[in-house]
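A.B. asks: Below: one structure in structure tokens.
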Amino acid sequence: MTTTHCPYCALQCAMHLDPGPTGELTVRPAEFPTNRGGLCRKGWTSTELLSSPQRLTRPLLRRNRTDDFTEVDWDTALDHVAERLTRLRAQRGPDAVAVFGSGALTNEKSYLLGKFARLALGTSQIDYNGRFCMSSAAAAGTRAFGLDRGMPFPLADLAGAEVVLLAGANPAETMPPMMGHLSAPRLIVVDPRHSATAAQALHNGGMHLAPRPGSDLALALGLLHAAHLEGLLDTTYIAERTTGFETAWRNAAAFWPQHTEHLTGVPAPQIRAAARMLAKARGAYVLTGRGTEQHAKGTDTVSAWINLALALGLPGRQGSGYGCITGQGNGQGGREHGQKADQLPGYRRIDDPTARAELARVWGVAERTLPGPGPSATELLDSLGEDTGPHAMLLLGANPVVSAPDATHVRDRMARLELLVVADFVMSESAAMADVVLPTAQWAEERGTMTNLEGRVLRRRAATPPPAGVRTDLEVINALATRLGQPDERFPTDPDTVLAEIGTATTGAPADYSGVSPTRLDSGEALHWPVAATGTPTPRLFLDSFAHPDGRARFVPVNHRPPAEDTTPEYPLLATTGRVMGHYQSGAQTRRVAELARAEPQAHVEMHPDTAARNGLVQGQWARVTSRRGSTTAQVRLHPQARLDTVFLPFHYDADQAANNLTNPALDPTSRMPEFKVSAVRVEPHHDERHS
Ligand SMILES: Nc1nc2c(c(=O)[nH]1)N[C@H]1C(S)=C(S)[C@@H](COP(=O)(O)OP(=O)(O)OC[C@H]3O[C@@H](n4cnc5c(=O)[nH]c(N)nc54)[C@H](O)[C@@H]3O)O[C@H]1N2
Ligand SMILES: Nc1nc2c(c(=O)[nH]1)N[C@H]1C(S)=C(S)[C@@H](COP(=O)(O)OP(=O)(O)OC[C@H]3O[C@@H](n4cnc5c(=O)[nH]c(N)nc54)[C@H](O)[C@@H]3O)O[C@H]1N2
Ligand code: SF4
Ligand SMILES: [Mo]
């Protein structure tokens with residue numbers, strides 16, 4: 001038996017893997033503070049992909065995009081990649097090569113990938129899919145508290161609260177075992193959809209506020225306004241632990257309940273009632289998810305939620321707080337170790353001279369050889385093949401052809417690359433476009449560490465060796481780096497050696513991992529970062545002071561503005577996107593798991609029966625949904641409690657069922673988050689013999 005954690009989301013449920021009679025691994029849930037013996041359907045079926053016939057086990061190469069792939073040996077594939085990269089760099093300079101990483105990668109892979117980009121390639125062009133995930137919350141958290149750790153408290157603390165407000169999060173589908181921690185508190189769910197979580201809230205005496213997509217910022221200002229008017233703010237806390245309340249309040253002052261109702265569609269009495277419920281609770285949390293964050297104003301929107309939490313005196317207190325629900329398996333650790341365009345390991349900035357000097361010393365290079373900050377994920381993808389943009393890309397752990405905004409455009413850009421190299425264990429839609437595909441090991445075949453949604457570092461353990469012919473990501477990075485002239489010892493393939501180096505590289509940094517060791521992890525100690533070599537872990541941050549130099553949290557003055565595009569007679573509805581329980585992300589993995597594929601075989605579009613009727617649609621019919629970017633097809637699923645002006649599509653499907661054919665690449669000015677959650681669309685019957 002091997003005890004490890006689920007490969008998918010940031011809850012990182014613990015599980016035991018046992019070899020079955022035919023050698024295949026079976027899953028049993030393990031007792032652990034986040035999942036407490038529970039798993040969702042994806043976790044239960046997670047071992048199926050290890051032995052799937054769709055698994056890649058040989059490197060694949062084609063010298064021409066119009067050719068089919070041929071199986072080659074590793075040396076041929078790696079030599080080809082190294083030779084092409086060297087030539088491109090010589091012709092066009094180091095920024096001609098890009099790297100795209102992922103919050104699915106272990107801490108060790110994230111760290112080594114960032115180091116590979118900066119040292120072996122010398123490129124500034126590195127970013128990752130976490131940019132599409134929690135980047136707005138990270139930016140707002142840093143502004144307010146001086147440090148971003150998704151949940152600055154253990155998940156289990158939530159159970160002790162009286163009220164939890166969930167803004168744009170649907171954990172009943174996205175992290176089902178988390179609902180166990182939310183059964184005692186009353187929930188206030190803010191979601192345009194009557195989601196499974198909203199249903200749970202109403203069932204337990206809580207509330208569901210259903211704002212128009214993209215209007216959360218107004219709603220958060222309205223709640224602050226209502227709480228202030230009723231004298232429910234924590235004025236002592238505001239005076240002692242924060243700065244900037246007055247300027248932030250000046251913006252909220254105009255958001256009377258009626259005005260807020262007009263902007264959001266949430267009835268004024270509900271706004272007042274929710275403000276009262278939250279403000280009067282003994283123990284309350286405000287949590288944000290992607291629904292409120294994935295907007296062209298996502299950072300300001302999260303700031304508005306944090307302002308509300310600060311005004312009520314919640315953050316940095318035992319039994320109360322603000323947190324962002326991080327999404328990907330290593331969404332937290334993946335944002336700390338330097339695969340982000342503007343970042344060095346330990347959550348340090350790449351434009352900070354002290355951090356640069358420190359890292360250069362650890363890495364044994366001259367500081368001036370480290371590149372500066374590069375473009376964000378959407379901008380990076382948009383510049384591929386441009387004269388001044390990258391002409392080659394190395395992609396690990398993401399499937400942007402399905403998951404990036406305006407996916408058709410992204411596909412066109414990726415097609416312009418002279419060299420696309422993808423390391424994956426299945427032929428994802430992005431891998432299918434590559435020149436070279438490198439087959440890598442999966443979660444249950446490798447060791448490493450992951451940092452879960454509460455900032456706790458966990459150990460991923462190998463339960464079985466990888467299939468013959470498959471290499472680990474660390475081995476792939478090493479093999480490419482050495483071929484590019486790097487010393488072998490600079491790119492270790494042993495995860496524990498990389499972890500030790502992460503400890504050195506992050507000593508004294510905001511995300512200090514120097515106290516994380518295999519021995520401490522194996523002892524079961526709850527290692528929430530920062531954890532210094534000689535120090536104790538930090539399950540709860542900010543109890544004494546916030547991370548700004550003056551120790552205070554900052555209110556950030558923010559104001560409401562409409563989404564990047566609004567409805568017109570041609571595009572009269574708003575489409576929002578998100579997840580269903582049975583699939584994970586771009587679906588590259590879960591669409592290949594038989595039970596999950598059977599349960600949710602194709603895309604659907606959720607809408608109110610009247611909206612359907614007005615557009616000539618009935619339950620189960622195929623609809624075409626069209627935005628200014630493009631169109632997609634999906635089967636109509638009626639929902640009697642849906643908003644009349646809003647339809648919802650999951651983004652787990654590819655090609656002509658891809659929700660991202662619709663989405664708007666308009667970016668948040670601070671986090672560079674695209675507007676996944678609002679597109680103006682029209683819906684109509686789709687007539688196609690394949691679907692009839
Ligand atoms: N089953 C499943 N679970 C997952 C994942 C998965 O792909 N599948 N992915 C993991 C990852 S990476 C992430 S980031 C998390 C995401 O977890 P969540 O944030 O819970 O997921 P989403 O479905 O993207 O969005 C949550 C809700 O936001 C709502 N929403 C849409 N527009 C708006 C808006 O304008 N305002 C508000 N307030 N709400 C809005 C949607 O209706 C949806 O119910 O899930 C993780 N867990
Ligand atoms: N419309 C819309 N689009 C969205 C969102 C939304 O809500 N709406 N959400 C966004 C969010 S929050 C996220 S996080 C992104 C995620 O979207 P993607 O970045 O596309 O994520 P995945 O589908 O998880 O892709 C991971 C790929 O990497 C492979 N992989 C997994 N682990 C490893 C590993 O350790 N090594 C290697 N080499 N490969 C690995 C998998 O097989 C898979 O092919 O999607 C974003 N896109
Ligand atoms: S909730 Fe997340 S970590 Fe837990 S079993 Fe499901 S996908 Fe895996
Ligand atoms: Mo995510």
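The values are calculated or read from the model by the stated rules, or taken from the named source; none is laboratory data. Keep in mind that this is a model prediction, so the values were computed, not measured. Note that each Cβ is placed from the backbone with ideal geometry, even for glycine, and that neighbours are counted across all protein chains shown. Heavy atoms of the whole protein, side chains included, go into the accessibility calculation; ligands, DNA and RNA do not. Shrake-Rupley method; radii C 1.70, N 1.55, O 1.52, S 1.80 Å.
A.B. asks: How much of the calculated P(r) for the range 639-682 lies past 13 Å, in percent of all Cα pairs?
C.D. replies: Beyond 13 Å sits 62 percent of the P(r) for the range 639-682.
A.B. asks: Set the Förster distance to 35 Å, then compute FRET efficiency between residue 618 and residue 199 from the Cβ-Cβ distance, nearest 0.05.
C.D. replies: 0.90
A.B. asks: Got a sec to turn the phi values of the range 269-284 into Karplus ³J(HN,Hα) couplings, 6.51 cos²θ - 1.76 cosθ + 1.60 with θ = phi - 60°, whole Hz, x for Gly and Pro?
C.D. replies: My calculation for the range 269-284 gives x, 5, 5, 5, 5, 5, 4, 5, 4, 5, 6, 8, 5, 8, x, 9 Hz in order.
A.B. asks: Convert each backbone phi in the range 514-521 into a coupling constant with the Karplus relation 6.51 cos²θ - 1.76 cosθ + 1.60 (shift: θ = phi - 60°), then list the ³J(HN,Hα) values in order as whole Hz, x for Gly and Pro.
C.D. replies: Taking θ as phi minus 60°, the curve returns 5, x, 8, 9, x, 5, 5, 5 Hz for the range 514-521.
A.B. asks: How big, on average over all directions, is the shadow cast by the Cα convex hull of the range 135-324, in nm²?
C.D. replies: On the way: hull surface 36.9 nm².
Averaging across all directions leaves 9.2 nm² for the Cα convex hull.
A.B. asks: Running Debye on the range 394-549 with equal point scatterers at the Cα sites and no solvent, what base-10 log of I(q)/I(0) appears at q = 0.11 Å⁻¹?
C.D. replies: Scattering profile of the range 394-549, log10 relative to I(0): -0.61.
A.B. asks: Still on this structure: Can you tell me what the convex hull of the Cα atoms of the range 1-138 projects to on average, as an area in nm²?
C.D. replies: On the way: hull surface 48.4 nm².
Its average projected convex-hull area is 12.1 nm².
A.B. asks: Output the Kirkwood hydrodynamic radius of the range 262-400, Cα pairs only, in Å rounded to one decimal.
C.D. replies: Across the range 262-400, the inverse of the average 1/r is 18.9 Å.
A.B. asks: Which value in Å does the Kirkwood hydrodynamic radius of the range 84-199 take, with 1/r averaged over all unlike C-alpha pairs and then inverted?
C.D. replies: Taking the inverse mean of 1/r over all distinct Cα pairs, the range 84-199 comes out at 17.5 Å.
A.B. asks: Now for a different question. For the chain, give the magnitude of the charge dipole about the Cα centre (Cβ charges: +1 Lys/Arg, -1 Asp/Glu; no others), in debye to the nearest 20.
C.D. replies: Numbers: 68 positive and 73 negative charges, 193 e Å.
So the dipole magnitude of the chain works out to roughly 920 debye.
A.B. asks: Expressed as a whole percent, how much of the Cα-Cα distance distribution for the range 335-377 exceeds 11 Å?
C.D. replies: 61 percent
A.B. asks: Still on this structure, please answer the following. Please give the residues of the range 324-367, grouped as numeric ranges, whose backbone N is less than 13 Å from a label point set 7 Å along the Cα-to-Cβ vector of residue 379.
C.D. replies: Those under the cut-off are 341-343.
A.B. asks: Give, rounded to the nearest 20 debye, the magnitude of the charge dipole that the range 573-691 has about its Cα centre when Lys and Arg contribute +1 at Cβ and Asp and Glu contribute -1 at Cβ.
C.D. replies: 160 debye
A.B. asks: A further question follows. Which value results when the Cα radius of gyration for the range 67-133 is divided by 2.2 N^0.38 Å? Please report the intermediate quantities before stating the final value.
C.D. replies: Details: Rg = 13.8 Å, N = 67, 2.2 N^0.38 = 10.9 Å.
Dividing the Cα Rg of the range 67-133 by 2.2 N^0.38 Å gives 1.27.
A.B. asks: In addition: Normalised by the residues of the chain, what does the relative contact order come to in percent, with Cα pairs under 8 Å and at least six apart?
C.D. replies: RCO, the chain: 19 percent.
A.B. asks: Using amide H atoms built 1.01 Å from N in the peptide plane, name the residues 5+ places from residue 342, or on other chains, whose amide H lies under 5 Å from its own.
C.D. replies: Those lying under 5 Å, H to H, from residue 342 are 374.
A.B. asks: OK, next. What is the distance, in nm, between label points placed 7 Å from the Cα along the Cα-to-Cβ direction at residue 386 and at residue 655?
C.D. replies: 3.1 nm
A.B. asks: Give me the number: length gained by fully extending residue 497 to residue 352, i.e. 0.36 nm times residue separation minus the C-alpha to C-alpha distance, one decimal in nm.
C.D. replies: 49.6 nm is the gain from fully extending residue 497 to residue 352.
A.B. asks: Can I ask one more? Is there a quick way to get the dipole size of the range 135-324? I mean about its Cα centre, with the Cβ of Lys and Arg at +1 and of Asp and Glu at -1; what is the value in debye to the nearest 20? Mind showing how you got there, number by number?
C.D. replies: Details: 14 positive and 13 negative charges, 18 e Å.
For this selection, approximately 80 debye.
A.B. asks: Which percentage, to the nearest 5, of the DSSP beta bridges contained in the range 389-468 is antiparallel? Present the calculation step by step, with values, prior to reporting the outcome.
C.D. replies: Working: 4 of 13 bridges.
Of the beta bridges lying entirely in the range 389-468, close to 30 percent run antiparallel.
A.B. asks: A further question follows. If you take the beta carbon distance between residue 253 and residue 412 as r and set R0 to 60 Å, what does 1/(1 + (r/R0)^6) give as a FRET efficiency, to the nearest 0.05?
C.D. replies: It comes out at approximately 0.80.
A.B. asks: Restricting attention to the alpha-carbon atoms of the range 346-452, what are Rg (one decimal) and Dmax (integer), both in Å?
C.D. replies: 16.7, 43
A.B. asks: Let me ask something else. Hey, what's the Cα Rg ratio for the chain versus the globular rule of thumb, 2.2 N^0.38 Å?
C.D. replies: With N residues counted in the chain, Rg over 2.2 N^0.38 Å equals 0.91.
A.B. asks: Taking the Cα centre of the chain as the origin and placing charges on Cβ (Lys, Arg +1; Asp, Glu -1), which of 482, 444, 679 is farthest toward the positive end of the dipole?
C.D. replies: The one lying farthest along the dipole's positive direction is 679.
A.B. asks: Given R₀ = 45 Å, FRET efficiency for residue 521-residue 90 by Cβ-Cβ distance, to 0.05?
C.D. replies: Calculated value: 0.55.
A.B. asks: Please list 349, 447, 461 from largest to smallest accessible area, probe radius 1.4 Å, with all protein chains kept in place.
C.D. replies: Reading off the accessible areas and sorting them downward yields 349, 447, 461.
A.B. asks: Still on this structure, please answer the following. Given 0.36 nm per residue, what is the gain on full extension from residue 361 to residue 598 after removing their alpha carbon distance, in nm?
C.D. replies: So the extension gain works out to 80.0 nm.
A.B. asks: Given 25 °C and 0.890 mPa s, how large is the Stokes-Einstein diffusion coefficient of the range 284-351 in µm²/s, with Rh as the Kirkwood radius over Cα pairs? Each step should come with its number before you reach the end.
C.D. replies: Details: Rh = 13.5 Å.
Estimated diffusion coefficient is 181 µm²/s.
A.B. asks: Here is a further query. Using 10 Å bins from zero, what percent of all Cα-Cα pairs in the range 573-691 falls into each bin?
C.D. replies: With a bin width of 10 Å, the distribution comes to 14, 45, 33, 8, 0.
A.B. asks: Go through the range 486-503 residue by residue and turn each phi into a ³J(HN,Hα) via Karplus (6.51, -1.76, 1.60, θ = phi - 60°); whole Hz please, and just put x for glycine and proline.
C.D. replies: Here the 3J(HN,Hα) series is 7, x, 4, 6, 6, 10, x, 9, 8, x, 5, 5, 5, 4, 4, 5, 4, x Hz.
A.B. asks: Rolling a 1.4 angstrom probe over the protein heavy atoms, how many square angstrom per residue are accessible across the chain? If you can, show how the numbers build up before the last one.
C.D. replies: Values: 23030 Å² over 692 residues.
Computed with neighbouring chains in place, this is 33 Å² per residue.
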